[in-house]
Amino acid sequence: MAKVLLIYTGGTIGMNRNPQTGALEPFDFEHLLLHVPELRQFDTTIESFQFCPPIDSSDMTPTRWTDLSHVIADHYDEYDGFVVLHGTDTMAYTASALSYMLENLTKPVIFTGSQLPIGQLRTDGKENLITSIEIAAAKDGDGHAMVPEVGIYFDGHLLRGNRTTKQSADEFNAFESFNYPHLVDAGVNITYHRHRMLQPDYTKPMTPHFRLDNNVIIFSLFPGIREDLIRHIIHTPNLKAIVMRTFGSGNAPSSPWLLKALKEGTQKGKVIVNISQCMQGQVEMSRYGCGYHLQEAGVISGRDSTVESAVTKLMFLQSHYDEPEQVRHYMEQSIRGEITQSYFQ
């Protein structure tokens, strides 16, 4: 019988509406299980771990990611898979961070949650939770996990965690991986697309990492952006890296002051990563002249990475490498399936 650890961090799935204020507030995890009696029908041992107090996903931090990594690492040998209940607002950030922090993952770490509390009649939480547990417990004929990586399950689809972005605040299909196909599609049957999944080295152990360096910032370019504000960001003390969200395929204004400011930043050791503001597609700085000038300024391409993946990858790499050139090198490599490798060939 498979064993799955259900980790409740907080989020809408485990909330009740306060009768006085009307606001959603977290309730005790035991109440969550009462709302899903179907869990007793599983041919799987389900045990639970609860963050106390539960965390609103807006309050998620790198310290919490380290705590979550410790929970999984400390119980790794005891369970066949892990399901993490998490608020939707920062789920893609947490899933991305965990994908980097859990190296050579050989078991599923499935994030899920809901748009409606599980106690409400029309909740999407039950199906998300039940199918996530089934996927986390699934093994192939060799006894290996069907999904040996970090994923986000929502509304019938399992997506690679570090490829995923929240696309809707209101609809049940809250997440999508625009630049990578689904790992699993769940309808009447559950279809596992094994050829799309990461292949760990089963002869080696999973290696957890617990250090992150959050000296990084994200900013978006827009028409009319001010020089003094950009310079203020670039010359911020202790700032090591910038995720710069550009137009289209990685384009930016050709203003001399902007290129000069970016070059000053990269020459002082700051890693500046170019990520498109578009939901789908990749950064190709050599396509247009304005993108080419960014390359000359020392900006590196984030390819088809999500913003969530890029910023958490920088936190991970900065905690492991002191030299900016090492961080730049690995930012342009796929280390957890976060960018499409064929773009480098």
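What to note about this one:
- Residue list for the range 132-147, restricted to those being open to solvent by 40 Å² or more (accessible area, probe 1.4 Å) and either hydroxyl-bearing (Ser, Thr, Tyr) or touching a residue at least 60 places away in the same chain (Cβ under 8 Å) (or both): 134, 139
- Total residues in the range 286-330, condition part of a helix (DSSP H, G or I) and more than 16 Å from residue 262 (Cβ to Cβ): 17
- Matching residues, the range 66-75, being open to solvent by 20 Å² or more (accessible area, probe 1.4 Å) and closer than 22 Å to residue 312 by Cβ: 66, 67, 70, 73, 74
- Hits in the range 230-254 - residues which are part of a loop (DSSP other than H, G, I, E, B) and free of Cβ contacts under 8 Å to residues at least 12 places away in the same chain: 237
- Among (1) open to solvent by 10 Å² or more (accessible area, probe 1.4 Å); (2) at pLDDT 95 or above - the single one residue 98 does not satisfy: (1)
- Meets criteria (modelled with pLDDT of 95 or more and open to solvent by 60 Å² or more (accessible area, probe 1.4 Å)) for residue 200: no
- Pairs where the first residue, in the range 314-331, is among the basic types (Lys, Arg) and the second is open to solvent by less than 20 Å² (accessible area, probe 1.4 Å), C-beta under 6 Å, 6+ apart: 328/271; 328/300
- Any hit, the range 251-263, residues being aliphatic (A, V, I, L, M), more than 20 Å from the chain's Cα centre (by Cα) and open to solvent by 20 Å² or more (accessible area, probe 1.4 Å): yes
- Screening residue 279 against (1) open to solvent by 40 Å² or more (accessible area, probe 1.4 Å); (2) free of Cβ contacts under 8 Å to residues at least 60 places away in the same chain leaves a single unmet condition, (2).
- Boolean, residue 269 is modelled with pLDDT under 95, assigned to a loop (DSSP other than H, G, I, E, B), open to solvent by 20 Å² or more (accessible area, probe 1.4 Å) and within 30 Å of residue 95 (Cβ to Cβ): no
- Screening residue 129 against (1) open to solvent by less than 20 Å² (accessible area, probe 1.4 Å); (2) in a loop (DSSP other than H, G, I, E, B); (3) of a type outside the set (D, E, K, R); (4) over 27 Å from residue 205 (Cα atoms) leaves a single unmet condition, (2).
- Hits in the range 77-95 (condition: touching a strand residue (DSSP E or B) at 6+ places or on another chain (Cβ under 8 Å) and surrounded by fewer than 23 Cβ atoms within 10 Å (Cβ to Cβ)): 78, 79, 80, 88, 89
- Whichever residue in the range 148-178 is acidic (Asp, Glu) and more than 16 Å from the chain's Cα centre (by Cα) and, among such residues, is surrounded by the fewest Cβ atoms within 10 Å (Cβ to Cβ): 170
- Top-ranked residue in the range 138-182 [being among the small types (Gly, Ala, Ser), assigned to a loop (DSSP other than H, G, I, E, B) and touching a Lys or Arg at 6+ places or on another chain (Cβ under 7 Å); ranked as nearest to residue 309 (Cα to Cα)]: 177
The values are calculated or read from the model by the stated rules, or taken from the named source; none is laboratory data. In this text, all values refer to a predicted model and were calculated from it rather than measured experimentally. Because the Cβ atoms are built from the backbone with ideal geometry, glycine has one as well, and the counts that use them run over all protein chains shown. Protein only, heavy atoms only, side chains kept; ligands, DNA and RNA dropped before computing areas. Shrake-Rupley method; radii C 1.70, N 1.55, O 1.52, S 1.80 Å.
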